[in-house]
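The values are calculated or read from the model by the stated rules, or taken from the named source; none is laboratory data. Not measured: the values here are computed from a predicted model. We place every Cβ from the backbone using ideal geometry, glycine too, and count neighbours over all the protein chains shown.
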Amino acid sequence: MMAPWSFALLLVATALAGVWWVRRGRRGRNWLLFSAPLAFVLSYLSGFLFRVPEYQVGCPALCPGWQGHPVPIARQDVLGDFRFDPPGFVLNSLFYEAFVLLGSLVVVRLAELVGWSQRSRRWRVGYVALTVVMPLALAPVWLPPPQPDLPSATQRLAINAARDWRWQLQGRRLTDYRLAVEDVRRHPDGSRWRVCFRVYSWFYRPRARLYIDLEPAGVRATGGGLIPLTASCWVQP
């Protein structure tokens with residue numbers, strides 16, 4: 001649950017950014033009006049990009065998963081179905097409203113400082129690519145996707161598994177920017193550990209699932225592989 005002070009800070013930041021855009025005249029007001037439906041669309045799309053399935057780690061039984069980020073917009077019920085959460089959707093949309101208004105404010109203000117109006121079309125295209133497209137494409141590098149809260153001992157297993165995938169198994173690829181843990185369970189044979197990841201690529205595009213098997217001590221990998229998002233980590237041999 002979001003802390004009250006964080007919510008208040010978000011409201012203040014969004015309001016100040018809105019005032020800045022209103023003071024820029026007609027275009028600023030039009031952008032302010034457009035940002036609201038855009039935030040709702042981004043919040044809705046986050047439910048498709050960011051998914052945490054039900055998990056066992058840190059739970060006496062299966063814990064329900066969720067969809068959406070940074071605030072869940074749908075939560076899993078006892079039957080395993082995802083139920084839409086209207087308050088969560090509104091709060092999540094507020095996050096994206098703040099992101100759109102503050103991010104565009106920075107981009108526009110910086111463009112004015114470097115003389116946007118006097119620059120060539122090629123320069124403008126490069127500026128947009130550098131300040132808008134590239135940060136969004138590389139967002140998984142600096143802003144982690146959602147994952148369950150892991151106990152310290154389990155967190156160590158996840159770190160070891162991710163390290164071994166990149167170095168021991170030489171599985172790191174240009175498109176594999178972020179591994180988000182989905183669950184940590186005992187291997188089907190009961191003697192080892194298995195860590196399941198969700199692999200995010202450019203623009204947080206979910207690319208695949210990854211499972212890594214660790215030795216009983218949980219230090220070295222004994223195997224693993226990439227599987228489709230529709231497949232389960234827990235039925236692999």
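For segment 41-65, which positions are modelled with pLDDT of 90 or more, farther than 17 Å from residue 85 by Cα and among the aliphatic types (A, V, I, L, M)?
Those that are modelled with pLDDT of 90 or more, farther than 17 Å from residue 85 by Cα and among the aliphatic types (A, V, I, L, M): none in segment 41-65.
Given 200, 211, which one is farther than 17 Å from residue 144 by Cα and in contact with a Lys or Arg (Cβ under 7 Å, 6 or more places away or on another chain)?
Result: 211 is the single residue among 200, 211 that is farther than 17 Å from residue 144 by Cα and in contact with a Lys or Arg (Cβ under 7 Å, 6 or more places away or on another chain).
Mind listing whichever residues of segment 66-96 are touching a Phe, Trp or Tyr at 6+ places or on another chain (Cβ under 7 Å) and not in a strand (DSSP E or B)?
68, 69, 70, 71, 72, 73, 93
How many residues, within segment 175-226, are under 17 Å from residue 153 (Cβ atoms) and among the small types (Gly, Ala, Ser)?
Final tally of qualifying residues: 2.
Looking at 126, 80, 115, 68, which is the one that is in the same structural domain as residue 16 (by TED's automatic domain parsing) and within 18 Å of the chain's Cα centre (by Cα)?
68
Residues 91, 10: which one is within 20 Å of the chain's Cα centre (by Cα), under 21 Å from residue 108 (Cα atoms) and not assigned by TED's automatic domain parsing to the domain that holds residue 183?
Matching residue, one of 91, 10: 10.
May I ask you to verify whether residue 80 is at positive phi, touching a helix residue (DSSP H, G or I) at 6+ places or on another chain (Cβ under 9 Å), modelled with pLDDT under 95 and not hydrophobic (A, V, I, L, M, F, W, C)?
No; evaluated as a whole, the condition is false for this residue.
What are the residues in segment 186-208 that are crowded, with 16+ Cβ neighbours inside 10 Å and in a strand (DSSP E or B), if any?
Listed by number, the residues that qualify are 193, 194, 195, 196, 197, 198, 199, 200, 206, 207, 208.
Give just the number: which of (1) out of contact with any helix residue (DSSP H, G or I) (no Cβ under 8 Å at 6 or more places or on another chain); (2) part of a strand (DSSP E or B); (3) without any contact (Cβ under 8 Å) to a residue 60 or more places away in the chain does residue 211 not satisfy?
Answer for residue 211: the failing condition is (1).
Can you list the helices (runs of 4 or more DSSP H) found entirely within segment 97-177 that contain at least 1 residues being modelled with pLDDT under 95 and in contact with a strand residue (DSSP E or B) (Cβ under 9 Å, 6 or more places away or on another chain)?
In segment 97-177, the matching helices (runs of 4 or more DSSP H) lie at 139-142, 152-166.
With without any contact (Cβ under 8 Å) to a residue 24 or more places away in the chain and surrounded by 14 or more Cβ atoms within 10 Å (Cβ to Cβ) as the only criterion, which of 18, 65, 47 stands out?
65
So, in segment 37-75, exactly how many residues are among the aromatic types (Phe, Trp, Tyr) and in contact with a Cys (Cβ under 9 Å, 6 or more places away or on another chain)?
The number of residues fulfilling the criteria is 1.
Among the residues of segment 109-124 satisfying the criterion of being surrounded by 12 or more Cβ atoms within 10 Å (Cβ to Cβ) and without any contact (Cβ under 8 Å) to a residue 12 or more places away in the chain, which is nearest to residue 41 (Cα to Cα)?
Among them, the one singled out is 124.
Quick one: which residue in 232, 201, 191 is farther than 27 Å from residue 46 by Cβ and among the small types (Gly, Ala, Ser)?
Only one candidate qualifies: 191.
For residue 6, are the conditions met, namely being touching a residue at least 24 places away in the same chain (Cβ under 8 Å) and either outside any helix (DSSP H, G or I) or small (Gly, Ala, Ser) (or both)?
Taking the combined requirement at face value, the residue does not satisfy it.
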